[in-house]
1. Using a 7 Å offset from Cα along Cα-Cβ at residue 19, what residues in the stretch 67-108 end up with backbone N under 14 Å from the label point?
2. Give the Rg/Rh ratio for the chain, taking Rg as the radius of gyration of the Cα atoms and Rh as the Kirkwood radius, to two decimals.
3. Residue 20's amide H: which non-local residues (gap 5+, or another chain) put their own amide H closer than 5 Å, with H modeled 1.01 Å from N in plane and none for Pro or chain starts?
4. Any chance you could run the full-extension gain for residue 48 through residue 34? It's 0.36 nm times the residue separation minus the Cα-Cα distance, nm to one decimal.
5. A 20 angstrom limit on the alpha carbon distance is what I want to check against. Which of 45/93; 2/67; 2/87; 2/77 exceed it?
6. Add -39500 (n - 2.57) for each DSSP H run of 4 or more in the chain, then divide by its residues: what number comes out at 222 nm, to the nearest 500 deg cm²/dmol?
7. Taking neighbour counts of Cβ atoms within 10 Å as a proxy for exposure, in what order, fewest first, do 67, 60 appear?
Amino acid sequence: MKEIISFSREEAERLGNDYIGTEHLLLALVREGDNTAVRILKSFKVDIKEMQNDIELSVKSDKGYQKALPLNVSAEKTIHGAVSEAKTLKSKKVEPEHLILSILNNSSTAPVILDHIRHN
């Protein structure tokens, strides 16, 4: 989970955002490569590259970023949801699949994913 949060910070910086949101968490999840979350998305025929491009276009900013990028409320709720998913499933640690479940259940990013599922 630490690696995903670190990657999400890098994604926010790369896109010139002054916050870390669920969209950055999702970009970090797919950037991590072959994990359960990516396999779930692919099983629904989600074009990962196309989804990445759509998210990037929707959040890219020219403003630049601050040194300390805070998690926005949605990202905080998503992370807490992932922890809850892990506990519910009796997992010893939070894995990518817990994060994707939380994103799909609780975030404004879910429609982007679901839209890709419906179109494929």
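1. Inside the label zone: 69-78, 107-108.
2. Result: Rg/Rh = 0.95.
3. 71, 72
4. Length gained between residue 48 and residue 34: 3.9 nm.
5. 45/93, as the Cα separations exceed 20 Å there.
6. That comes out to -20000 deg cm²/dmol.
7. 67, 60
Read the figures in this text as sums done on the coordinates, not as results from a lab. Please read these numbers as outputs of a predicted model, since none were measured by experiment. We place every Cβ from the backbone using ideal geometry, glycine too, and count neighbours over all the protein chains shown.
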